[in-house]
Amino acid sequence: MSEEKKVTGGPRGPRGPHGGMMPGEKAKDFRGTFSKLMRSMGKYRVALFGVAIFAAGSTVFNIVGPKVLARATTELFNGMMARFAGTGGINFGRIGEILLFLLGLYGLSALLSFLQGIVMTEISQKLCYQFRKAISEKINRIPMAYFESRTVGEVLSRITNDVDTLGQSLGQSITTLITSVATIVGILIMMLSISPLMTLIALVILPVSGGLIGVVMKHSQKFFVAQQTYLGKINGQIEEVYSGQNIVKAFNREEASLAEFDETNRILCQSAWKSQFLSGMMQPIMTFVGNLGYVAVAVSGSMLAIQGVIEVGEIQAFIQYVKNFTQPITQVAQVSNLLQSTAAAAERVFEFLEEPEEDVTAAGGARTSEPGGQAGTKGSVCFEHVRFGYQPDKVIIHDFSCDVKPGQMVAIVGPTGAGKTTMVKLLMRFYDVNGGAIRVDGRDVRDCERSKLRESFGMVLQDTWLFHGTIMENIRYGKLDATDEEVIAAAKAAHVHRFIQTLPGGYQMELGEDASNVSQGQKQLLTIARAILADNPILILDEATSSVDTRTEIRIQKAMNNLMKGRTSFVIAHRLSTIRDADVILVMRDGDIVEQGNHQELLEKGGFYAELYNAQFEGREETA
């Protein structure tokens, strides 16, 4: 299973307890990736500066709060002592003023926090929008070789999981980092302003708690990694068994599948328990060490208050500061993990955006409009000593030559791996030849813009592609400005009109996901109708009837005959009975044309084609 198919615990990726990212998600080049990310955020620098100001301001007002509250506590304590001594009482008016001022501080802090949250959300979502748009545009510019070497899930992961993780993690990490650093510095200053001695006592506890947490994290990390690994495995197993449920039942593999699942589930349960238990120990350790710190601060503060060095209210403020001091330190540690996750997601996005693009211009860099699409292409195709390999050192087509006249039907046959589909990919410039040339209407396809060249071709493939939408919309995909009458005429020519009329809603019926509410043969006829509507001068039909029954095959063949009238057609077929009427049959073996001619000529030769043809019908007779 590919990594992208593993369950990742939501858009932020796998998460540990207390909202922390699981260890192990690290970028290969953290500094370089963050440098690129900051450049991408350059247009938002003013907004980011505002976020920093709002976050710092909110933190400062929050930090000042305990010091102001200390004055109210001191006023209350002094009033009580004066009342006991009979020399005065509690000044509630003064206390009320202090509390109102404190309320204003906290209100202003909340307002600034709210503003920085809004601005940061706006920045992160605009950045996500920017990356999604860039990825969507990039997909159309990447050569076919990229998609053929990667899974669909891997590409989709870049535009969904990675961009989502990037947007959410970035928004959280920046604000949390600013707030936490400002809180640490601010609290340290306020603690020193109250008592350097008490500050020193409070800081002694940090190395102790840090050391204990370091030990726990060191032991828990391997269990988090194991949990992540087996979480992916268990979901991969579930996906495979669910998608192949009919095969599992047909071969009575239910017990074996269940045993495999139980074993993976057991290991996942053990690693998850250990990782959660060990990481769950962090909070009790922090609480225990923190309580020791409170005791030390209370004792030392009381002694200083008795000596008149500090006031009683300042002890209360200092304890509040100590309590709040450990929280931002923990947050900074968590942000480091969050930043690693952000960088890892950003790195994958940038890797995709930096992939080499398909050259849309002619080979020499000049733009040309020839062949001129549907109107300008006559349909002659010439292969001149074509040589090609997907890798330069592994040539699969050695010397391919053929001259196709406009309007001819050319059948390409041969065993699997002979290079039939590769020839089609070269013709449409999904790849460029390593040697020789392919000419359309006398012009080398490398001297044509890819988009202009592909306007000349229509394709009907074995793997039908229909999207979620109405039948009318799916057929009209071949020509977006076609009228309803033109769509219906194309459907009639494809022998699919009568079938569409029997459906609920007719042409307005919605096709489900993967067009699962129509049969394979019906899907094939709809794609043929789409190709008829497109009216391209050159057609490519790749195994268009290989997965349907004989009766449906006859209907599809009739539809294809209508489609091929007056057009140059390249037909790839395994069922040799479907290409008997071809003007030219190219017989391929190991990347080369070993025979060419019409059906009768090739049978009379008694060569490789005759072998293939006779073997196919002998196999049918034996089966019968």
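Please give the Cα centre distance for the range 126-162 versus the range 36-69, rounded to the nearest Å.
The distance from the Cα centre of the range 126-162 to that of the range 36-69 comes to 33 Å.
Loop-only trypsin sites (Lys or Arg not before Pro) in the range 555-598, please: DSSP not H, G, I, E or B, and at most 15 other Cβ atoms within 10 Å. Don't jump to the answer; show the numbers that get you there.
Values: sites: Arg555, Lys558, Lys565, Arg567, Arg575, Arg580, Arg589; in loops: Lys565, Arg567, Arg575, Arg580.
Counting only loop positions with at most 15 other Cβ atoms within 10 Å, the trypsin sites (Lys or Arg not before Pro) in the range 555-598 are Lys565, Arg575, Arg580.
Express in whole angstrom the spacing between the alpha-carbon centres of the range 204-278 and the range 447-520.
A separation of 45 Å, based on Cα centres.
Starting from the Cα gyration tensor of the range 120-171, take the square roots of the eigenvalues, sort them a ≥ b ≥ c, and report rounded, prolate or oblate (rounded when a/c is under 1.5, otherwise prolate if a/b is larger than b/c, else oblate).
Working: a/c = 4.76, a/b = 2.05, b/c = 2.32.
In terms of gyration-tensor shape, oblate.
With +1 assigned to the C-beta of every Lys and Arg and -1 to the C-beta of every Asp and Glu, and no other charges, what is the dipole magnitude of the chain about the Cα centre in debye, to the nearest 20?
Values: 61 positive and 64 negative charges, 440 e Å.
About 2120 debye.
Farthest toward the dipole's positive end in the chain, which of Gly104, Ala202, Phe77, given Cβ charges of +1 (Lys, Arg) and -1 (Asp, Glu) about the Cα centre?
Phe77
Ordering His468, His574 by accessible area with a probe of 1.4 Å, largest first, what comes out?
Accessible-area ranking of His468, His574, largest first: His468, His574.
Going toward the positive end of the dipole of the chain, with +1 on Lys and Arg Cβ and -1 on Asp and Glu Cβ, which of Leu170, Ile187, Val332 do you reach last?
After comparing all options, I get Ile187.
Solvent-accessible area per residue for the range 77-183 at a 1.4 Å probe radius, Å²?
On the way: 5680 Å² over 107 residues.
Result: 53 Å² per residue.
Could you point to the residue in Val571, Gly57, Leu156 farthest towards the positive end of the chain's charge dipole, with +1 and -1 charges on the Cβ of Lys/Arg and Asp/Glu respectively?
Positive-most Cα among the choices belongs to Gly57.
Given the -39500 (n - 2.57) contribution per DSSP H run of 4+ residues, what per-residue ellipticity at 222 nm results for the chain, rounded to the nearest 500 deg cm²/dmol?
Details: 21 runs with 382 residues, N = 624.
Rounded to the nearest 500, it is -21000 deg cm²/dmol.
Summarise the accessible area of the chain (1.4 Å probe, protein heavy atoms) by the percent that is carbon and sulfur.
On the way: 18410 of 31780 Å².
Of the solvent-accessible surface of the chain, carbon and sulfur hold 58 percent.
Rounded to the nearest 10 Å², what accessible area does Met281 have for a 1.4 Å probe in the complete protein model?
Spelled out: Met281, probe radius 1.4 Å, area about 70 Å².
Give the percent of DSSP beta bridges with both residues in the chain that are antiparallel, rounded to the nearest 5. Mind showing how you got there, number by number?
On the way: 20 of 38 bridges.
Taking every DSSP beta bridge within the chain, about 55 percent pair in antiparallel fashion.
Sort the range 158-267 into rounded, prolate or oblate with this rule: let a ≥ b ≥ c be the square roots of the eigenvalues of the Cα gyration tensor; rounded if a/c is under 1.5, and if a/c is not under 1.5, prolate when a/b is larger than b/c, oblate otherwise. Each step should come with its number before you reach the end.
Values: a/c = 7.34, a/b = 2.45, b/c = 3.00.
Judged from the Cα gyration tensor, the range 158-267 comes out oblate (a/c at least 1.5, b/c at or above a/b).
Leaving ligands and nucleic acids out of the surface, order Glu543, Glu357, Glu154 by accessible area at 1.4 Å, largest first.
Working: Glu543 15, Glu357 90, Glu154 40 Å².
Sorted by accessible area, descending: Glu357, Glu154, Glu543.
Which whole-Hz couplings ³J(HN,Hα) result when phi for each residue of the range 92-100 is put into the Karplus expression 6.51 cos²θ - 1.76 cosθ + 1.60, θ = phi - 60°, listed in order with x for Gly and Pro?
5, x, 5, 4, x, 4, 4, 5, 5
Taking 0.36 nm per residue of sequence separation and subtracting the Cα-Cα distance, how much length would be gained by fully extending the chain between Cys382 and Asp535, in nm to one decimal?
Values: separation 153, 0.36 × 153 = 55.08 nm, distance 2.15 nm.
Stretched out fully, the Cys382 to Asp535 stretch lengthens by 52.9 nm.
Please list Phe34, Phe224 from largest to smallest accessible area, probe radius 1.4 Å, with all protein chains kept in place. Walk me through the numbers on the way to the answer.
Details: Phe34 35, Phe224 15 Å².
Order by accessible area, largest first: Phe34, Phe224.
Amide H to amide H, which residues 5 or more places from Gly469 or on other chains are under 5 Å from it, using H placed in the peptide plane?
Leu511
With a 1.4 Å probe and every protein chain left in place, work out the accessible area per residue of the range 410-490 in Å², rounded to a whole number.
On the way: 3310 Å² over 81 residues.
With the other protein chains kept in place, the range 410-490 gives 41 Å² per residue.
Per residue, how large is the accessible surface of the range 217-322? Use a 1.4 angstrom probe and give square angstrom. Don't skip to the end; give the middle numbers.
Numbers: 6450 Å² over 106 residues.
Counting only protein heavy atoms, the per-residue value for the range 217-322 is 61 Å².
The values are calculated or read from the model by the stated rules, or taken from the named source; none is laboratory data. None of these values were measured; they are calculated from a predicted model. No Cβ is skipped: glycine too gets one built from the backbone with ideal geometry, and neighbour counts run over all protein chains shown. Quick note on the areas: whole protein, heavy atoms, side chains included, nothing else; ligands and nucleic acids left out. Shrake-Rupley method; radii C 1.70, N 1.55, O 1.52, S 1.80 Å.
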